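Participant: Have a look at this one before I ask anything.
The values are calculated or read from the model by the stated rules, or taken from the named source; none is laboratory data. As the structure is a prediction and not an experimental result, all values here were calculated from the model. All Cβ positions, glycine included, derive from the backbone under ideal geometry; neighbour counts span all protein chains shown.
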Amino acid sequence: ALPASEDFLGHPKGVYVCFFTEMWERFSFYGMKALLLLYLTKYHLFGDKAGLDLLGAYGGLVYCVPVIGGLLADRWLGMRKAVVFGGVLLVLGHIGMAFEGHAASSVGGIVSRDEGTLRITYLSLALIIVGVGFLKPNISTIVGKLYAPDDPRRDSGFSLFYAGINLGALFASLVCGYLGETLGWKYGFGAAGIGMLLGLGLFLWGQKYLHGHADPHAPETLRQRFWGVPREGLIYAASIAAVVPLAWLMWAAANGSFALAGEVSLALLLMLVVLACVLVWFGFFITRQCTPVQRQQMLALMALIFMALIFFTLYEQTYGSWVTFTDRLLTKDIFPSLVRAQEPVSWGAGLMANVAQFFAHAPWSMYSLVLAPVSFVVAAELSDRYPQSRLPKFLFVAVVAIMLLFMVRDSVILPQTAGSLTYLGALFLVLLAPVFAVLWAALGRRGRDPSKPFKSALGLVLAGVAFVPMALAAQQVGASGQMASVWWLVLAYLILEMGEMCLSPVGLSAVTQLSVPRVVSMMMGTWFLATAFSETLAALFGKLAAIEVPHGETLVLADAAGKYADLFWLMMFLGLGCGVLALLAAPLLK
Ligand code: GLN
């Protein structure tokens with residue numbers, strides 16, 4: 001446990017360090033993701049199918065490698081070093097995405113692309129994959145390590161951390177999604193890179209507050225030499241070397257090369273191999289090394305992880321089919337009368353003029369994203385020096401309040417784009433979190449707090465129901481031939497996020513609670529591995545509504561609407577069907 005002087009507003013300072021680092025990491029991750037499919041289809045003129053193939057392979061691998069990143073940190077590196085190394089790769093990857101080169105052109109239906117730039121894009125995606133693998137699982141386990149095993153604040157610490165994840169996602173859509181689609185792709189991707197750089201800087205400054213809790217448990221094994229190279233160096237070198245084949249896999253996915261049989265791509269095959277290894281290990285572990293009670297707990301956990309797999313398959317449509325659907329078939333402004341008039345941007349009138357223009361157009365959230373963590377740095381340093389003073393905490397809370405105001409302002413006033421509207425998911429999540437906390441607590445006081453399997457099953461049902469407004473919107477476009485209202489999307493996100501609240505934080509806490517402690521990182525990795533398959537499945541389903549309009553021709557709204565409606569009804573049945581089955585199985589799992 002940490003000394004009490006380490007507390008800041010009720011939680012260890014180290015938790016805030018993880019909070020802001022993860023906020024920036026998710027900012028870069030989701031900012032890039034909100035733009036990726038639009039960038040590929042609108043700038044490099046990919047067809048929907050190729051775009052979704054790449055998105056699926058990237059999303060699959062990015063959630064597949066945390067198993068390995070977690071394992072390496074458990075065995076040798078320790079979490080702190082893993083986070084720093086992952087952070088460096090992420091900065092490079094996101095900055096790399098900002099090279100946009102030349103837009104593709106289409107003459108007589110023949111598309112010519114800037115293949116050189118695309119190679120940089122694939123390499124950047126590969127860097128991000130490895131970076132997330134090192135950072136994401138390990139920053140989550142650090143949070144757990146900062147509390148003593150019996151500390152009652154652990155769960156609320158995790159809720160705080162989940163809020164950080166979603167604040168990052170929220171700002172990502174508002175800042176990167178908006179900048180990328182209005183000022184230029186490179187500004188959106190570049191902002192993601194700068195955000196990650198700040199996150200890395202913050203972590204390097206703040207690692208002193210981890211007090212060695214995230215350090216390697218046997219540092220001497222890191223110095224052990226193989227062929228003259230210390231093990232630590234070998235781990236880094238091998239991970240950097242892995243970027244090349246991963247980049248090649250990205251290229252293969254985008255070009256439909258090496259699609260082994262039908263939809264089975266090399267990326268999917270790789271994921272299946274990882275899954276097979278994990279399952280073999282799991283079978284061995286629960287039969288040989290667990291007591292009967294532990295075995296039951298581990299099996300129940302696996303069932304929850306499987307539910308998460310189905311849930312995230314539906315959820316990931318939001319970054320695929322929902323984005324292209326919004327772009328093509330929905331009106332975009334939620335509050336049209338409030339939206340700020342957008343002056344045309346004319347670049348090229350000298351550096352200072354460009355800089356001035358950039359700041360005139362940039363969303364205010366960009367400032368809060370920097371101000372809030374910086375105010376934490378200042379407040380933490382001041383409270384170290386003057387432990388009695390309340391001023392630092394007051395300062396911090398005030399800046400956070402301003403940050404939230406800027407966020408509200410941006411989400412109401414800025415013209416909305418398909419990419420920036422992905423903010424709705426994170427927004428509802430942040431708004432619903434306290435509601436659900438109160439709800440579960442109130443039910444708990446009456447002894448009626450639903451079981452974890454029940455909550456997860458309910459999450460699945462809600463995810464299915466969320467597709468009803470989407471399908472209705474699609475049908476409306478089909479019938480009228482006109483764009484439908486963006487409010488359908490708002491409603492869909494509201495229902496989906498109620499589902500996420502029931503399933504996702506519950507699942508994370510179940511991992512830490514049900515898992516046998518010595519394999520908890522591995523199980524955390526398995527939780528993310530489920531999402532890896534969700535991403536791939538989501539892209540596969542998304543392709544049912546792939547629209548391939550020959551370039552130069554306009555999209556016939558009614559035709560596209562029919563495809564989207566079919567996809568959305570299918571997803572509705574998938575969620576509802578699995579959800580009802582899970583509801584029936586819940587008493588058994590409990
Ligand atoms: N949105 C959450 C995050 O980014 C959940 C991700 C997941 O488990 N699939 O951390």
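Participant: Would you mind telling me which numbered condition in (1) crowded, with 24+ Cβ neighbours inside 10 Å; (2) at pLDDT 95 or above; (3) out of contact with any Asp or Glu (no Cβ under 9 Å at 6 or more places or on another chain) Ile120 fails?
Facilitator: Going through (1) crowded, with 24+ Cβ neighbours inside 10 Å; (2) at pLDDT 95 or above; (3) out of contact with any Asp or Glu (no Cβ under 9 Å at 6 or more places or on another chain) one by one, Ile120 breaks only (1).
Participant: Being part of a helix (DSSP H, G or I) and more than 25 Å from Ile165 (Cα to Cα) is the filter here; which residues of segment 367-399 pass it?
Facilitator: Within segment 367-399, Leu382, Ser383, Asp384, Arg385, Leu391 meet the criteria.
Participant: In contact with a Leu (Cβ under 7 Å, 6 or more places away or on another chain), part of a helix (DSSP H, G or I) and on the phi < 0 side of the Ramachandran plot, is that true of Leu301?
Facilitator: Yes: the conditions hold for Leu301.
Participant: Going residue by residue through segment 560-575, is there one that turns out to be of a type outside the set (Ser, Thr, Tyr), within 16 Å of the ligand (Cβ to nearest atom) and within 30 Å of Leu61 (Cβ to Cβ)?
Facilitator: Yes, segment 560-575 has at least one match.
Participant: Here are some residues: Leu200, Leu222, Leu234. Which one is buried (at least 19 other Cβ atoms within 10 Å of the Cβ) and assigned to a helix (DSSP H, G or I)?
Facilitator: Leu200
Participant: List, please: which pairs have Cβ atoms under 6 Å, are six or more places apart or on different chains, and start with a residue in segment 130-142 that is over 16 Å from Leu160 (Cα atoms) and end with one that is not in a helix (DSSP H, G or I)?
Facilitator: Sorted first by the residue in segment 130-142, then by its partner, the pairs are Gly133/Val65.
Participant: Restricting attention to segment 155-174, report how many residues are more than 13 Å from the ligand (Cβ to nearest atom), modelled with pLDDT under 85 and buried (at least 19 other Cβ atoms within 10 Å of the Cβ).
Facilitator: Of the residues in that region, 2 qualify.
Here's the yes/no breakdown for (1) within 22 Å of the chain's Cα centre (by Cα); (2) within 15 Å of the ligand (Cβ to nearest atom):
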{"site": "Ser451", "(1), (2)": "no, no"}
{"site": "Leu462", "(1), (2)": "yes, no"}
{"site": "Gln482", "(1), (2)": "no, no"}
{"site": "Cys502", "(1), (2)": "yes, yes"}
{"site": "Ala510", "(1), (2)": "yes, yes"}
{"site": "Phe528", "(1), (2)": "yes, yes"}
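Participant: Going through Val506, Val461, Val511, Val520 one at a time, which residue ends up being modelled with pLDDT of 90 or more, part of a helix (DSSP H, G or I) and of a type in the set (Val, Ile, Thr)?
Facilitator: Selected residue: Val461, the only one of Val506, Val461, Val511, Val520 that is modelled with pLDDT of 90 or more, part of a helix (DSSP H, G or I) and of a type in the set (Val, Ile, Thr).
Participant: Conditions: (1) more than 13 Å from the ligand (Cβ to nearest atom); (2) hydrophobic (A, V, I, L, M, F, W, C); (3) within 21 Å of the chain's Cα centre (by Cα); (4) closer than 30 Å to Arg295 by Cα. Leu540 meets all but one. Number of the miss?
Facilitator: Status for Leu540: all satisfied but (4).
Participant: Could you pull out every one of the helices (runs of 4 or more DSSP H) wholly within segment 14-132 that has 2 or more residues that are more than 16 Å from the ligand (Cβ to nearest atom) and farther than 24 Å from Leu268 by Cα?
Facilitator: Per the criteria, 79-97.
Participant: What are the residues in segment 143-154 that are outside any helix (DSSP H, G or I) and either within 16 Å of the ligand (Cβ to nearest atom) or surrounded by 24 or more Cβ atoms within 10 Å (Cβ to Cβ) (or both), if any?
Facilitator: Residue satisfying the conditions is Leu146 alone.
Participant: Restricting the first residue to segment 407-419 and requiring it to be in contact (Cβ under 8 Å) with a residue 12 or more places away in the chain, which pairs with a second residue that is assigned to a helix (DSSP H, G or I) and of a type in the set (Asp, Glu) meet a Cβ separation below 7 Å and a spacing of at least six or different chains?
Facilitator: Thr417/Glu181; Ala418/Asp327; Gly419/Glu181
Participant: Something else: On the given criteria, is Phe428 modelled with pLDDT under 90, within 16 Å of the ligand (Cβ to nearest atom), out of contact with any strand residue (DSSP E or B) (no Cβ under 8 Å at 6 or more places or on another chain) and among the aromatic types (Phe, Trp, Tyr)?
Facilitator: It is false that Phe428 is modelled with pLDDT under 90, within 16 Å of the ligand (Cβ to nearest atom), out of contact with any strand residue (DSSP E or B) (no Cβ under 8 Å at 6 or more places or on another chain) and among the aromatic types (Phe, Trp, Tyr).
Participant: Now for a separate question. Output the residue which, of all residues in segment 23-47 that are in contact with a Lys or Arg (Cβ under 8 Å, 6 or more places away or on another chain) and buried (at least 23 other Cβ atoms within 10 Å of the Cβ), is farthest from Ser112 (Cα to Cα).
Facilitator: Ranking the qualifying residues of segment 23-47, first place goes to Glu25.
For every residue, the table says whether it meets (1) part of a helix (DSSP H, G or I); (2) closer than 16 Å to Ser368 by Cα; (3) of a type in the set (Gly, Ala, Ser).
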position	(1), (2), (3)
Ser156	yes, no, yes
Gly168	yes, yes, yes
Leu174	yes, yes, no
Leu179	yes, yes, no
Gly188	yes, no, yes
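Participant: Turning to a different aspect of this structure: For Phe568, work out the one condition from (1) buried (at least 21 other Cβ atoms within 10 Å of the Cβ); (2) farther than 14 Å from Thr313 by Cβ it doesn't fulfil.
Facilitator: Of everything listed in (1) buried (at least 21 other Cβ atoms within 10 Å of the Cβ); (2) farther than 14 Å from Thr313 by Cβ, Phe568 misses just condition (2).
Participant: Hey, another quick one. Among the listed residues Gly425, Gly419, Gly444, Gly464, identify the single one that is farther than 29 Å from Thr331 by Cβ and either of a type outside the set (S, T, N, Q) or in contact with a helix residue (DSSP H, G or I) (Cβ under 8 Å, 6 or more places away or on another chain) (or both).
Facilitator: Gly444
Participant: Return yes or no: is Gln289 farther than 30 Å from Tyr39 by Cβ, at pLDDT below 90 and either within 16 Å of the ligand (Cβ to nearest atom) or over 18 Å from the mean Cα position of the chain (by Cα) (or both)?
Facilitator: It is true that Gln289 is farther than 30 Å from Tyr39 by Cβ, at pLDDT below 90 and either within 16 Å of the ligand (Cβ to nearest atom) or over 18 Å from the mean Cα position of the chain (by Cα) (or both).
Participant: For Pro415, indicate whether it is modelled with pLDDT under 90, in contact with a Leu (Cβ under 8 Å, 6 or more places away or on another chain) and outside any helix (DSSP H, G or I).
Facilitator: no
A quick yes/no check of all residues on (1) more than 16 Å from the ligand (Cβ to nearest atom); (2) without any contact (Cβ under 8 Å) to a residue 60 or more places away in the chain; (3) closer than 17 Å to Phe528 by Cβ:
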site: Gly228; (1), (2), (3): yes, yes, no
site: Ala238; (1), (2), (3): yes, yes, no
site: Asn255; (1), (2), (3): yes, no, no
site: Met271; (1), (2), (3): no, no, yes
site: Leu279; (1), (2), (3): yes, yes, yes
site: Leu301; (1), (2), (3): no, no, yes
site: Ser321; (1), (2), (3): yes, no, no
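Participant: Just to check your reading of the model, which residue among Gln476, Gln482 is among the polar types (S, T, N, Q), closer than 17 Å to Tyr564 by Cβ and in contact with a strand residue (DSSP E or B) (Cβ under 7 Å, 6 or more places away or on another chain)?
Facilitator: Gln476
Participant: Which residues, counting only those in segment 166-214, are touching a Gly at 6+ places or on another chain (Cβ under 7 Å) and charged (D, E, K, R)?
Facilitator: Across segment 166-214, the qualifying residue is only Glu181.
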